[in-house]
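Student: My structure is below; once you've seen it, I'll send some questions.
The values are calculated or read from the model by the stated rules, or taken from the named source; none is laboratory data. Keep in mind that what you see is a predicted model, and the values were worked out from it rather than measured. Positions of Cβ are generated from backbone atoms using ideal geometry, with glycine treated the same way; all protein chains shown enter the neighbour counts. Calculation scope for accessible area: heavy atoms of the full protein, side chains included, ligands and nucleic acids excluded. Shrake-Rupley method; radii C 1.70, N 1.55, O 1.52, S 1.80 Å.
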Amino acid sequence: MKIVKLVSEAQRWTLDQRAVGNRVGLVPTMGALHAGHISLAQRSHTICDRTAATIFVNPTQFAPSEDLDKYPRTLDADLEKLEAAGVDLVFTPEPNEVYPPGFSTYVSPPAVGGTLEGASRPDHFRGVTTVVMKLFNIVPATHAFFGQKDYQQAAVISAMCRDMNVPIQLEICPIVREPDGLAMSSRNRYLSDDQRQRALGLSRALKAAEQQFRSGETDGPQLEQTMLDALAEAKVDTIEYAVIADAITLEPLPTIDRPAVALIAARVGATRLIDNTLLTPGN
Ligand code: AMP
């Protein structure tokens, strides 16, 4: 596994792979890797000839009040996991390499980034679209792999690629969960034992809404109430949102008469957690 820290090295490697006809898969991450991240690399292996991962805690997607400095950094363990997963290249730059002095160009996020996470975290998606567009240029891959865990992020990146004619194929991979249902996240390591138990409220609330939907309930507000009740019962500390939305536009959906997604953001202690599940009529 080749490990590079310079933009020029990552570009050269990728262009060399493309020149000999290899399909290259890109797996962007912020490190602190878990089985969810590794599932993206594994999916890449099934489609691509070579896989490149990036580890970069992107400062532009964190607000000043957020956990940029505290964000877990576990580079040695991450590299071991990527090597074991058969990744070919890891790009792990310093912030100055990605944002050198004088950097001043940003990608304005699409409309689908305006609600939910975009409302709770102003400027977050501008940081995401900017860094992802940069990574697509630094590692000009044929395919890029993202997780459904960050549902709105995947929708934002898809819309950006469509709107900007980015020549890359996106693959959105299923959420990897702990055996008890908790969606894997780098931030789960912040949780105490008690908080870890209460964090199960998110996946339980989604399961409750899903079950109710499967039994015939299609009323959006009713399903939202079911999620709010389950979150309250699990004693999460703050519910930021628990909504039923159109799976494509993420607009609120009063009745599920088309593909929908249930999305939750909640805090347990100081840790902000997100989770979601698709609700597809006729499935
Ligand atoms: P992050 O390091 O949090 O920026 O995540 C990097 C990529 O891994 C993103 O595309 C995430 O959606 C994806 N990811 C994070 N957690 C999971 C999970 N539990 N299952 C599947 N993909 C995930």
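Student: Considering Gly36, Gly25, Gly86, Gly102, which residue is in contact with a strand residue (DSSP E or B) (Cβ under 9 Å, 6 or more places away or on another chain), at positive phi and not hydroxyl-bearing (Ser, Thr, Tyr)?
Tutor: Of Gly36, Gly25, Gly86, Gly102, the one residue that is in contact with a strand residue (DSSP E or B) (Cβ under 9 Å, 6 or more places away or on another chain), at positive phi and not hydroxyl-bearing (Ser, Thr, Tyr) is Gly86.
Student: Moving to a separate point now. From the list Leu200, Leu170, Leu182, exactly one residue is under 30 Å from Asp229 (Cβ atoms) and in contact (Cβ under 8 Å) with a residue 24 or more places away in the chain. Which is it?
Tutor: That would be Leu200, the only listed residue that is under 30 Å from Asp229 (Cβ atoms) and in contact (Cβ under 8 Å) with a residue 24 or more places away in the chain.
Student: Which pairs have Cβ atoms under 6 Å, sit 6 or more apart or on different chains, and link a residue in the stretch 100-127 that is in the same structural domain as Glu251 (by TED's automatic domain parsing) and part of a loop (DSSP other than H, G, I, E, B) to one that is of a type in the set (A, V, I, L, M, F, W, C) and buried (at least 19 other Cβ atoms within 10 Å of the Cβ)?
Tutor: Between residues of the stretch 100-127 that are in the same structural domain as Glu251 (by TED's automatic domain parsing) and part of a loop (DSSP other than H, G, I, E, B) and residues that are of a type in the set (A, V, I, L, M, F, W, C) and buried (at least 19 other Cβ atoms within 10 Å of the Cβ), there is no close pair.
Student: If you don't mind, there's one more thing I want to ask. Got at least one residue in the stretch 217-238 being part of a strand (DSSP E or B) and in contact (Cβ under 8 Å) with a residue 12 or more places away in the chain?
Tutor: Checked the stretch 217-238: at least one residue is part of a strand (DSSP E or B) and in contact (Cβ under 8 Å) with a residue 12 or more places away in the chain.
Residues are listed down the side, and each one gets a yes or a no for (1) part of a loop (DSSP other than H, G, I, E, B); (2) more than 23 Å from Arg12 (Cβ to Cβ); (3) open to solvent by less than 20 Å² (accessible area, probe 1.4 Å); (4) within 13 Å of the ligand (Cβ to nearest atom):
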residue	(1), (2), (3), (4)
Gln42	no, yes, no, yes
Thr54	no, no, yes, yes
Lys70	yes, yes, no, no
Leu79	no, no, no, no
Pro93	yes, no, yes, no
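Student: Another question, if that's okay. Could you list, in sequence order, the residues of the stretch 19-40 that are outside any loop (DSSP other than H, G, I, E, B) and near the ligand (Cβ under 10 Å from one of its atoms)? Quick ask: steps written out before the conclusion?
Tutor: So the first thing to find is which residues in the stretch 19-40 are outside any loop (DSSP other than H, G, I, E, B), and the list is 19, 24-29, 35-40.
Listed by number, the residues that qualify are Val27, Pro28, Thr29, Ala35, Gly36, His37, Ile38, Ser39, Leu40.
Student: Report, by residue number, each residue of the stretch 104-141 that is open to solvent by 30 Å² or more (accessible area, probe 1.4 Å), closer than 27 Å to Pro174 by Cβ and of a type in the set (S, T, N, Q).
Tutor: Selection gives Thr115, Ser120.
Student: Also, quick follow-up: Is one or more of the residues making up the stretch 164-182 away from the ligand (no atom under 16 Å from the Cβ) and either under 18 Å from His34 (Cα atoms) or part of a helix (DSSP H, G or I) (or both)?
Tutor: Yes, the conditions are met somewhere in the stretch 164-182.
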